[in-house]
Amino acid sequence: MESRGNRPGACGPGQGSGGFGSTLHFGLDAKHNAYAHAHTEAVLPGKGSFADEFHIYGLEWGVDGMYTYLDTPE
């Protein structure tokens with residue numbers, strides 16, 4: 001999980017305190033990082049901030065693969 005506590009737009013669109021990303025870095029080496037196949041980003045609705053309330057960041061790993069979630073496993 002990657003979360004940036006910056007003011008909105010400080011590091012680009014969706015990169016304020018209400019945005020987060022989930023990325024798995026993998027591959028033979030850094031030059032062959034296949035993270036683009038395992039990356040997602042989301043932004044809280046409205047002008048919310050992840051600092052406004054408690055959140056659970058989770059990782060589920062099973063026979064079908066891995067996925068990350070925010071607050072509730074799917």
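Kindly establish whether Ser3 is open to solvent by less than 50 Å² (accessible area, probe 1.4 Å), modelled with pLDDT under 85 and hydroxyl-bearing (Ser, Thr, Tyr). Talk me through it step by step, then tell me what you get.
Details: open to solvent by less than 50 Å² (accessible area, probe 1.4 Å): no; modelled with pLDDT under 85: yes; hydroxyl-bearing (Ser, Thr, Tyr): yes.
For Ser3, the condition - open to solvent by less than 50 Å² (accessible area, probe 1.4 Å), modelled with pLDDT under 85 and hydroxyl-bearing (Ser, Thr, Tyr) - is not met.
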Out of everything in the range 22-74 that is assigned to a helix (DSSP H, G or I) and in contact with a strand residue (DSSP E or B) (Cβ under 7 Å, 6 or more places away or on another chain), what residue ends up being least open to solvent (accessible area, probe 1.4 Å)? Ala38
Pairs please, first residue from the range 1-29 and under 12 Å from Thr40 (Cβ atoms) and among the β-branched types (Val, Ile, Thr), second anywhere and at pLDDT below 80 and open to solvent by 50 Å² or more (accessible area, probe 1.4 Å), Cβ atoms under 9 Å, 6+ apart in sequence or on different chains. Thr23/Met1; Thr23/Glu2
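Out of the range 42-74, which residues are at positive phi and not charged (D, E, K, R)? Full working, then the answer.
Looking only at the range 42-74, we keep the residues that are at positive phi, and these are 46, 65, 71.
The answer is Gly46, Gly65.
The values are calculated or read from the model by the stated rules, or taken from the named source; none is laboratory data. Since this is a predicted model, take the numbers as computed values, not measurements. Neighbour counts are summed over all protein chains in view; Cβ atoms, including those assigned to glycine, are modelled from backbone coordinates with ideal geometry. What goes into the accessible areas is simple: the full protein's heavy atoms, side chains included, and nothing from ligands, DNA or RNA. Shrake-Rupley method; radii C 1.70, N 1.55, O 1.52, S 1.80 Å.
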